[in-house]
Amino acid sequence: MQSYQGPQVDPGGGEEVHRQELINLSTANSESQDLVQQREKKLKAIAGLGFELYPRKFDFSHTIPQILGDYSTSTTEDLAASKVPVRVAGRVMTIRPHGKAGFAHLQGEGGRLQIYVRLDAVGERDFELFKLLDLGDLIGVEGYLFRTRTGELTIHAEHLHFLAKALLPLPEKWHGLTDVEIRYRQRYLDLMVNEDARRVFEKRFKLIKALREFLESHGYVEVETPMMQPMAGGAMARPFITHHNTLDMNLYLRIAPELYLKRLIVGGLDRVYEVNRNFRNEGISTQHNPEFTMLEFYQAYADFRDMIELSELLMQHVARAVVGSLEFDYGEHHISFERFQRLTMKDAVVQYWPKEAGPGPKVESFAEPRAVFDWVKAYNNCAEESGGEYAPLTVPDGTAAGTALQELFEAVAEHELIQPTFITEFPLEVSPLSKQKPDDPNFVERFELYVAGMEIANAFSELNDPAEQRDRFEYQQLLRERGDLTAHAIDEDYIRALSYGMPPTGGEGIGIDRLTMLLTNSHSIRDVILFPLLRPEKSSA
RNA sequence: GGGCCGUUAGCUCAAUUGGCAGAGCAACUGACUCUUAAUCAGUAGGUUGGGGGUUCGAUUCCCUCACGGCUCACCA
């Protein structure tokens, strides 16, 4: 085994190089250089006091939230009667010096706790350190708890420990960090100063944990399937391409784990799920990030009706775990997970037909499949006159009736589906992996769950007839040859797997990012992804 | 890719019709041993995103480029 030699140290110019890096990190103007230089000077002064500048560890007795929780009801007298000694670490967020004493707030684990530092209590060396602190520095404090005259729970410091310096200044303390670009690019700053940002991600962690608990309590096992696939299947989207050197082959980043999870169903893993990152080479919007997280789960011997029932329970379990209630606000809407509405896609088009588009269709209007094109025309006439309020649909010659119906649904109804609604009966043409309805082969046993106008989940009775699957793939291939880059490719290996016999199976995918948006009242997917994809930062040169 | 809006001190924002580029916070110096947006006195900090144009004079008007946001289209 080869031992790591560490970076080469240049005893002469090392410090200069280090400073150069800092300057490059900041905006490379003279002001921020000054700030950095001032803080470096303080760091040297701290070293001069005998403090280690980057100590190895700090043993703490409590986290800040623990103290805030455990002693929230302790009175001044309680704390005076039995001294509570504490050792706490955190980041300095405020400083209020008063000559030979001073206050500061330490932040850690999402909580803020005040410390009181006075010369006669901590001694000269530690008080000198206190005077050299900047906002953002990390310190440890040893002392005991008391309440100030204004009643705030505070550590009366007896010793200060220096843990690390913030050489770059924190965002402004009163307005906080509002520049959305910096919030996304330098998420650590967002998490440091915006309590809400931290709360959103804490809820996201809780949500994923709750999903796992729920599925495991229903007998599911968690699996991991390839993210690099020789062909990208299981969804309709353009993939990212990468290359393996040794095998000299192109691979696709997965757009969905679906076909692998169903191979596992064939193999006898009857209830599987994967919390999976998917990659789709499509546009970016408030509802789309090129990589995003889904939950996919598959249950043998079940169909889409079972998945509807399971979804309702799952959504309710998650809402209780994350917001503690089945009701919550999303923007101007009050959403309730108490009851889930069910509508067929045709019902939804009929029900939400815009008044401006004149008398709308009835469900019977769609009995003849081609009739949908008349309604697309009616909608488009209205859209053209709406002056941009409605966008007309583009339905090129040769578009299938089912595809047109789905587009009409998305244009007319999708944004109206505020309360949780299962949309059922999807057209065959847009559902290459779903089983047909026994009484109407133009439609499939599939549903999507909509909340707040967003698609949250997609599920169906999985097609397990290999011959029918081949036909579906061939139709997709036709679309592909006509230029639809999102049409599904033929996956021979998947057909082979189905040919060994796959049990009847219900499967579902849930968009974790969007579900998190809902439950945290976030209106951009970037607010629920720690590091959303952004354009590369413009170099300061 | 289209439309709309934006870019001024480290941060958050002002600047009248085109007429000396300002405030708060952060920073620096000093005072202050219960403050909490600490306070008080003082100091420093700017190529107004880049380039070009109109003008006696441009943060302001015009063109252009870059970056960002919202939105529409594609998508989940």
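Relative to the dominant Cα principal axis of chain A, helix A:119-131 is inclined by about 60°. Accessible area per residue for chain A, computed on protein heavy atoms with a 1.4 Å probe, is 51 Å². Comparing Cα centroids, region A:42-74 and region A:348-400 end up 65 angstrom apart. When a 1.4 Å probe is rolled over the protein heavy atoms, the share of accessible surface on region A:436-541 that falls to carbon and sulfur comes to 51 percent. At an R0 of 22 angstrom, the distance between the Cβ atoms of residue A:72 and residue A:150 translates into a FRET efficiency of 0.90. Helix A:372-385 axis versus longest C-alpha principal axis of chain A: approximately 50°, rounded to the nearest ten. The Rg/Rh ratio of region A:353-404, with Rg taken over Cα atoms and Rh as the Kirkwood radius over Cα pairs, comes to 0.97. Of A:85, A:247, A:483, which is farthest along the charge dipole of chain A in the positive direction, counting Lys and Arg as +1 and Asp and Glu as -1 at C-beta? Farthest towards the positive pole: A:85.
Working from Cα pairs under 8 Å separated by at least six residues, relative contact order for region A:353-404 is 32 percent.
Normalised size of chain A, defined as Cα radius of gyration per 2.2 N^0.38 Å with N residues, equals 1.23.
Tell me the relative contact order for region A:170-311 as a rounded percent, counting alpha carbon contacts under 8 Å between residues six or more apart.
Relative contact order, region A:170-311: 17 percent.
If you take the Cα centroid of region A:155-179 and the Cα centroid of region A:439-494, the two points sit 53 Å apart. Rolling a 1.4 Å probe over the protein heavy atoms of region A:353-404, with every protein chain left in place, gives an accessible area that is 53 percent carbon and sulfur. The sum of -39500 (n - 2.57) across all DSSP H runs of n ≥ 4, divided by the residue count of chain A, sets its helix-only mean residue ellipticity at 222 nm to -10500 deg cm²/dmol. Which percent of the accessible area of region A:147-303 is formed by carbon and sulfur heavy atoms (probe 1.4 angstrom)? The value for region A:147-303 is 53 percent carbon and sulfur by accessible area. Size of the dipole of chain A about the Cα centre, Lys and Arg at +1 and Asp and Glu at -1 on the beta carbon, nothing else charged, in debye to 20? The dipole magnitude comes to about 2020 debye. A probe of 1.4 angstrom, applied to the heavy atoms of all protein chains, finds residue A:472 with accessible area near 20 square angstrom. Computed from the Cβ-Cβ distance with R0 of 60 Å, the FRET efficiency linking residue A:186 to residue A:367 stands at 0.55. The long axis of helix A:14-25 is offset from the longest Cα principal axis of chain A by roughly 50 degrees. Per residue, the Cα convex hull of region A:26-170 amounts to 117 Å³. Please label the shape of region A:105-183 as rounded, prolate or oblate, based on the square roots a ≥ b ≥ c of the eigenvalues of the alpha-carbon gyration tensor (a/c under 1.5 means rounded; beyond that, a/b larger than b/c means prolate, else oblate). It comes out oblate by the Cα gyration axes. Applying the Karplus relation 6.51 cos²θ - 1.76 cosθ + 1.60 with θ = phi - 60° to region A:442-459 yields 3J(HN,Hα) values of 7, 10, 10, 7, 8, 9, 10, 9, 10, 9, 6, x, 10, 6, 10, 9, 8, 8 Hz, where x marks Gly and Pro.
Packing order of peptides A:214-220, A:394-400, A:458-464, highest average first: A:458-464, A:214-220, A:394-400 (average count of other Cβ atoms within 10 Å over each peptide's residues). Once the gyration tensor of the Cα atoms in region A:132-223 is diagonalised, the equivalent ellipsoid follows with semi-axes of 35, 22, 14 Å, ordered largest first. Sequence-distant contacts, meaning Cα pairs under 8 Å at least 6 residues apart, place the relative contact order of chain A at 12 percent.
Note on region A:26-170: dipole from Cβ charges, positive end direction compared against A:69, A:121, A:98; the farthest Cα belongs to A:98. Normalise the Debye intensity by I(0) for region A:271-419, one equal point scatterer per Cα, no solvent, then take log10 at q = 0.11, 0.12, 0.17 Å⁻¹ and round to two decimals. Results for region A:271-419 at q = 0.11, 0.12, 0.17 Å⁻¹ read -0.63, -0.75, -1.24.
The values are calculated or read from the model by the stated rules, or taken from the named source; none is laboratory data. Given the structure is predicted, the values throughout are model-derived calculations rather than measurements. A quick note on method: Cβ atoms are made from the backbone with ideal geometry, for glycine too, and the neighbour counts reach across all protein chains shown. Surface areas here come from the heavy atoms of the whole protein model, side chains and all, with no ligands, DNA or RNA. Shrake-Rupley method; radii C 1.70, N 1.55, O 1.52, S 1.80 Å.
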